[in-house]
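S.K.: The following block contains the structure, expressed as structure tokens.
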Amino acid sequence: MTIQLPDLPYPSNALAPHISEQTINFHYGKHHAAYVTKTNAAVEGTDLENASLEDIIRACIGVDSNQGLFNNAAQVWNHSFYWACMSGQGGGQPGASLAAALERDFGSVEAFKDAFAAAAAGQFGSGWAWLVEERGKLKVTTTANADLPMAHNQTALLTIDVWEHAYYLDYQNARPTYIETFLDKLVNWDAVEENLQNA
Ligand code: MN3
């Protein structure tokens, strides 16, 4: 089995003007595609050649000699998940069951958004901010570089890519504006709720 670059869940201009078609063409078409190519090259001829993406990632967690493969395979997963967290009709408010879970663990939906935005803005250097489920509780976390919730026994519910390549063409250095726009205009709350139901 070869790891495939999944189709985007929407046309490459669907997130404009918030995320431009040019950003998608680089971020999906070049960066995400390169992680797929490098993952396939690294597993070719090894006993992970026919493994699923998740199995490749799990096999590499904590194995120093597989750090390069982990980085590429995890970035394939992270980007596929990130695209699915957004929609051209995104934003607005989460549905009732997700809102109830956010109120339970953060106090309010707004308090969750504030925590998520602060975490995403505060992640030093390249990485990701997440809403995760861990033992029945929702938490905001960040990871550096390619690291991801499954390496910490957490289930990912929502993510934002805060590597500069995610926002630099559209926002330059204004990471907080990108984060605010993501939360207000782009989050596909239905997808987040579905992730919670499957957690
Ligand atoms: Mn990226």
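The values are calculated or read from the model by the stated rules, or taken from the named source; none is laboratory data. Everything numeric here is computed off the predicted structure, so don't read it as measured data. Don't worry about glycine lacking a Cβ; one is built from the backbone with ideal geometry, like all the others, and counts go over all protein chains shown. Ligands, DNA and RNA are stripped out before the accessible areas are found, and what is left, the full protein with its side chains, is counted by its heavy atoms. Shrake-Rupley method; radii C 1.70, N 1.55, O 1.52, S 1.80 Å.
S.K.: Scan 68, 62 and give me the residue that is more than 16 Å from the ligand (Cβ to nearest atom) and not in a helix (DSSP H, G or I).
M.R.: 62
S.K.: While we're here: Would you mind stating whether residue 38 is over 14 Å from residue 83 (Cα atoms), touching a residue at least 24 places away in the same chain (Cβ under 8 Å), among the basic types (Lys, Arg) and within 16 Å of the ligand (Cβ to nearest atom)?
M.R.: Against the criterion (over 14 Å from residue 83 (Cα atoms), touching a residue at least 24 places away in the same chain (Cβ under 8 Å), among the basic types (Lys, Arg) and within 16 Å of the ligand (Cβ to nearest atom)), residue 38 qualifies.
S.K.: Do any residues in region 13-28 that are among the polar types (S, T, N, Q) have Cβ atoms under 6 Å from those of residues that are not in a loop (DSSP other than H, G, I, E, B), where the two are at least six apart or on different chains, and which pairs are they?
M.R.: The qualifying pairs are 13/21; 20/170; 22/169; 23/169; 23/170.
S.K.: For region 23-66, which residues satisfy the criterion of being among the polar types (S, T, N, Q) and crowded, with 17+ Cβ neighbours inside 10 Å?
M.R.: Residues satisfying the conditions are 23, 39, 40, 66.
S.K.: Still on this structure, I have one more. Does any residue in region 57-71 that is under 13 Å from residue 47 (Cβ atoms) come within less than 9 Å, Cβ to Cβ, of a residue that is basic (Lys, Arg) six or more places away or on a different chain, and which pairs are these?
M.R.: 69/38
S.K.: Limited to region 84-109, what total is found for residues that are surrounded by fewer than 21 Cβ atoms within 10 Å (Cβ to Cβ) and within 16 Å of the ligand (Cβ to nearest atom)?
M.R.: The total comes to 1.
S.K.: State whether the residues of region 133-148 include one that is among the hydroxyl-bearing types (Ser, Thr, Tyr) and either away from the ligand (no atom under 16 Å from the Cβ) or in contact (Cβ under 8 Å) with a residue 40 or more places away in the chain (or both).
M.R.: Yes; the residues of region 133-148 include at least one that is among the hydroxyl-bearing types (Ser, Thr, Tyr) and either away from the ligand (no atom under 16 Å from the Cβ) or in contact (Cβ under 8 Å) with a residue 40 or more places away in the chain (or both).
S.K.: I would also like to ask the following. Taking region 120-150 as the search range and keeping residues that are under 14 Å from the mean Cα position of the chain (by Cα) and of a type in the set (Gly, Ala, Ser), which one is surrounded by the fewest Cβ atoms within 10 Å (Cβ to Cβ)?
M.R.: Looking at the filtered set, the residue picked out is 144.
S.K.: Sticking with this one: State whether one or more residues within region 164-179 are within 14 Å of the ligand (Cβ to nearest atom), among the acidic types (Asp, Glu), closer than 20 Å to residue 125 by Cα and open to solvent by 20 Å² or more (accessible area, probe 1.4 Å).
M.R.: yes
S.K.: Residues in region 174-185 that are more than 19 Å from residue 132 (Cβ to Cβ) and of a type in the set (A, V, I, L, M): how many?
M.R.: 1
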